[in-house]
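First the structure, in the form of structure tokens, and then the observations on it.
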Amino acid sequence: MVALDESEYSKQVLRWSAANILKKADKITLVHAYGYSPMTFFPGPKEGKSLGTVNEVIKKEATKAATEYLQRLGKLCNQLGYEPELKLLLARPMISEKQAILAYTEKSKPDVLVVGSRGMGAFGRMFLGSTSDYLVHNCKSAVMVVRDKDIETLDNTNKEASAPASIS
């Protein structure tokens, strides 16, 4: 299982996983958790749409964007030679994306969960909270964290492999 967010970095995590740990016979599930912020106050005149209607539109648009993103990564996974299962998770108010991913892993029990780490450092994790850090400490399945350095190593290896051989 590979957990992905909407960053360019997630595409690299998927490529790294294909190059380093996945085998063609493996079942791969791409998981994307998304959320939206419902409005609690509707500014302006009280005419027109109700707050509930506005929140349904917000949820629908968030779901559409998340679905399209996950489908694009599914196509990338196909190009890498895998047939992934795509799983979209809705984080609800009071349940974060990382908690939604954890709940899904507890239900599906993957052999390994691959997540990316953008190298926030301790200070960044303290204020923002790291999804990878949370999952490492709370997930019952094995968690593999792909770091920036791992991606850079893959990028450099690919560049070296595609560079023309020099003649001495």
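The values are calculated or read from the model by the stated rules, or taken from the named source; none is laboratory data. The model shown is predicted, which means the values in this text are computed figures rather than measured ones. Note that each Cβ is placed from the backbone with ideal geometry, even for glycine, and that neighbours are counted across all protein chains shown.
Of all residues in the range 7-53, which are modelled with pLDDT under 85 and closer than 20 Å to residue 147 by Cβ?
Those that are modelled with pLDDT under 85 and closer than 20 Å to residue 147 by Cβ: 7, 8, 9.
Would you be able to say whether some residue in the range 80-99 is modelled with pLDDT of 95 or more, touching a Ser or Thr at 6+ places or on another chain (Cβ under 8 Å) and of a type in the set (Asp, Glu)?
yes
Checking residue 65 against (1) modelled with pLDDT of 90 or more; (2) more than 21 Å from residue 108 (Cβ to Cβ); (3) assigned to a loop (DSSP other than H, G, I, E, B), only one condition comes out false. Which one?
Condition (3) is where residue 65 drops out.
So which residues in the range 104-153 are part of a helix (DSSP H, G or I), at pLDDT 65 or above and among the hydrophobic types (A, V, I, L, M, F, W, C)?
135, 136, 151
Sort out which residues of the range 11-33 are touching a helix residue (DSSP H, G or I) at 6+ places or on another chain (Cβ under 6 Å), in a strand (DSSP E or B) and not aliphatic (A, V, I, L, M), and write them in order of number.
Selection gives 32 alone.
Determine whether residue 35 is within 21 Å of residue 130 (Cβ to Cβ) and small (Gly, Ala, Ser).
Taking the combined requirement at face value, the residue satisfies it.
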